[in-house]
Amino acid sequence: MTSQAPENRPPLLEMIGISKSFGGVQALRDVDFTLRQGEIHGLVGENGAGKSTTMKIIAGVHHDYQGKMLIDGKEVHFRSARDALDAGVGMVHQELSIVPDLSVAENVFLGSQPTKGGVIDWPTMVREARKHLATLGIVVDPRQTIGTLPIGLQQLIEIARVLSSGARIIILDEPTSALSPPEVERLFSLLRKLRDQGRSIVFISHFLDDVLNISDTVTIFRNGRKVETTPVSQITKREVIEKMIGKGHEGLEESYTGEIRLDSKPNAPVVLETKALSFERAFQDVSLQVRAGEVLGIYGFMGSGQIELARALFGKIRAKGELTVEGKPLNLTRTSIAREEGIAFVPESRRSMLFHHEPLYKNMSISILERIHRMWLKPSKERDIARGHIETLRIRTPGADQLLGNLSGGNQQKVALAKWLTHAPKVLILSEPTRGMDVGAKEDVVKIVRGLRDKGIGVVVVSTEPETVLSLADRIVVMKRGAIVREFAGDTVSKDRLLEAA
Ligand SMILES: Nc1ncnc2c1ncn2[C@@H]1O[C@H](COP(=O)(O)OP(=O)(O)OP(=O)(O)O)[C@@H](O)[C@H]1O
Ligand SMILES: [Mg+2]
């Protein structure tokens, strides 16, 4: 291994003058990008800046582009993900690409299962899968169906799959969005080890602190162009943000390491209350109150039960115990009852609630079903509302008619939130509301949520990201192994104290 500084090492992969458009949308313009051997290369930029598109070209997903790509100085043009994999490129996609109905082991070896006499060699596959998973500290039965596992665990398994594929170029697109801090640490130490073995890693993330901490080099994208590539030692977080979104966002630099003041409203009326709510092994005896005009943050590591709790509040799963809205006991047997009572829910997996093959403006109306009963809402009216949201939320799209599936990850998330701006519920439950969003978009979400709160809506924000609850909540409860273990109210709180409690 060479001991040269990463920026002086020979290029492993070079992209020269890459442009890419999707129909009328110019996603990339004349992008140059160099990945060197044995470096961790951070990639940052606003939602829709072109990060995933660039990496999908390297990974063989997009083959219709202008410009040149070289590996080891030789021109390559991949026709498929298989092509790229054969050339040593592995990618973990932003939206998980596991096959939910298959076992963990089959997913680890997707497309390259070990065989014996022409059939899958199960004992070998299970044994090898266990070994690969262990490198990331994952303990799970490889024979289990992957779709039944928590989303964070699925994400870890997908990462393990690519890391163990032997790829020389490893691309991780938002790999930590569902991971808990200890899992992120484990992933980072593994990435450093792989880098020290000479592998090259691209790390895309909106957690700028993480990017600056793990990367040797960072590249900043803006508006489909590459703005700059620089060693991380030569750039500050403020400069990164400025190059991503421009000046005037100094507040975004905060890493929430200091004390945050909480502004609880102990006298506001209770809109939602639970008493001794329990669901199987996910959570037990949860009693909490949500007041009108407050944001209650529920924080916990992945698997602490908060995601299930959020679902139970909306009737997605049937919990035992008491649930009241404005004092009225509810028997949530269907999500439609929750909706009638004024409870709204935005789940963490936007895929499940958005319609990818429908235009954006339709996705912003209340729901496809309700729309059928509201034929009087003219499409032109819907489009007007959508245009307003596109502007206030700064959604990056050519227009309200664009198919939702064509939007970048973070922009889809904004669409998921948009409809609550026009259809204010009594209680709004947000699960991981800023997952996958850029710093500017997170700031927008803080404004949106505060706006809803100030209208008197009781907002519940459930997250595994300390920054998310710290930036949004007026009061925070911490969950651990299915129980509330701590409450922060009317006082100050810090990231360290949150982590400690969790
Ligand atoms: N399949 C597609 N069809 C049409 N437009 C697309 C498609 N994929 C991406 N785009 C557009 O290309 C641009 C770049 O998108 P890309 O997904 O690369 O952004 P990104 O930097 O990864 O953003 P994010 O941080 O939100 O993931 C966006 O304007 C997006 O809407
Ligand atoms: Mg992306």
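One line per residue, one yes/no per condition, for (1) free of Cβ contacts under 8 Å to residues at least 40 places away in the same chain; (2) closer than 20 Å to Arg475 by Cα; (3) within 16 Å of ligand 2 (Cβ to nearest atom); (4) not assigned by TED's automatic domain parsing to the domain that holds Gly152:
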| position | (1), (2), (3), (4) |
| --- | --- |
| Asn406 | no, no, yes, yes |
| Gly409 | no, no, yes, yes |
| Pro433 | no, yes, no, yes |
| Ile448 | no, yes, no, yes |
| Gly451 | yes, yes, no, yes |
| Ile457 | no, yes, no, yes |
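Given the conditions (1) at pLDDT below 90; (2) touching a Gly at 6+ places or on another chain (Cβ under 8 Å); (3) part of a strand (DSSP E or B), and given that Val271 satisfies all but one, which numbered condition is not satisfied? Of (1) at pLDDT below 90; (2) touching a Gly at 6+ places or on another chain (Cβ under 8 Å); (3) part of a strand (DSSP E or B), only one is false for Val271: (1). Within the stretch 438-467, the set of residues being farther than 23 Å from Glu242 by Cβ and in a helix (DSSP H, G or I) comprises Ile448, Val449, Arg450, Gly451, Leu452, Arg453, Asp454, Pro466. Cβ-Cβ contacts under 9 Å between residues 6 or more apart (or on different chains), taken from a first residue in the stretch 411-423 that is under 9 Å from Leu393 (Cβ atoms) and at pLDDT 80 or above to a second residue that is within 16 Å of ligand 2 (Cβ to nearest atom) and among the aromatic types (Phe, Trp, Tyr), are absent.
Restricting to the stretch 30-53, and then to whatever is more than 9 Å from ligand 2 (Cβ to nearest atom) and of a type in the set (S, T, N, Q), can you tell me which residue is nearest to Gly399 (Cα to Cα)? This residue is Thr34. Across the stretch 54-94, the qualifying residues are those that are without any contact (Cβ under 8 Å) to a residue 60 or more places away in the chain, assigned to a helix (DSSP H, G or I) and buried (at least 20 other Cβ atoms within 10 Å of the Cβ), and the one among them that is nearest to ligand 2 (Cβ to nearest atom) is Lys56. Applying the condition of being in a helix (DSSP H, G or I) and within 15 Å of ligand 1 (Cβ to nearest atom) to the stretch 3-53 and asking which residue is farthest from Val240 (Cα to Cα) yields Thr53. Which one of these is surrounded by 17 or more Cβ atoms within 10 Å (Cβ to Cβ), aromatic (Phe, Trp, Tyr) and touching a strand residue (DSSP E or B) at 6+ places or on another chain (Cβ under 8 Å): Phe203, Phe207? Of the residues listed, the single one that is surrounded by 17 or more Cβ atoms within 10 Å (Cβ to Cβ), aromatic (Phe, Trp, Tyr) and touching a strand residue (DSSP E or B) at 6+ places or on another chain (Cβ under 8 Å) is Phe203. Take the stretch 193-211 and flag every residue that is more than 16 Å from Lys243 (Cα to Cα) and in a helix (DSSP H, G or I). Scanning the stretch 193-211 gives Lys193, Leu194, Arg195, Asp196, Asp210. Cβ-Cβ contacts under 8 Å between residues 6 or more apart (or on different chains), taken from a first residue in the stretch 183-205 that is over 22 Å from Ile58 (Cα atoms) to a second residue that is of a type in the set (Ser, Thr, Tyr), are listed as Glu183/Thr176; Val184/Thr176; Leu187/Thr176; Leu190/Thr135. Residues that are assigned by TED's automatic domain parsing to the domain that holds Pro231 and within 23 Å of Gly436 (Cα to Cα) occur in the stretch 61-83; there is at least one.
Given the criteria at pLDDT below 75, in the same structural domain as Pro425 (by TED's automatic domain parsing) and of a type in the set (A, V, I, L, M), does Leu360 qualify? Talk me through it step by step, then tell me what you get.
Details: at pLDDT below 75: no; in the same structural domain as Pro425 (by TED's automatic domain parsing): yes; of a type in the set (A, V, I, L, M): yes.
So Leu360 fails the test.
When residues in the stretch 174-187 are screened for being within 16 Å of ligand 2 (Cβ to nearest atom) and more than 26 Å from Met125 (Cβ to Cβ), 3 of them pass.
The values are calculated or read from the model by the stated rules, or taken from the named source; none is laboratory data. For clarity, every value in this text was computed on a predicted model and none was experimentally measured. So basically every Cβ, Gly included, is an ideal-geometry build from the backbone, and we count neighbours across all protein chains shown.
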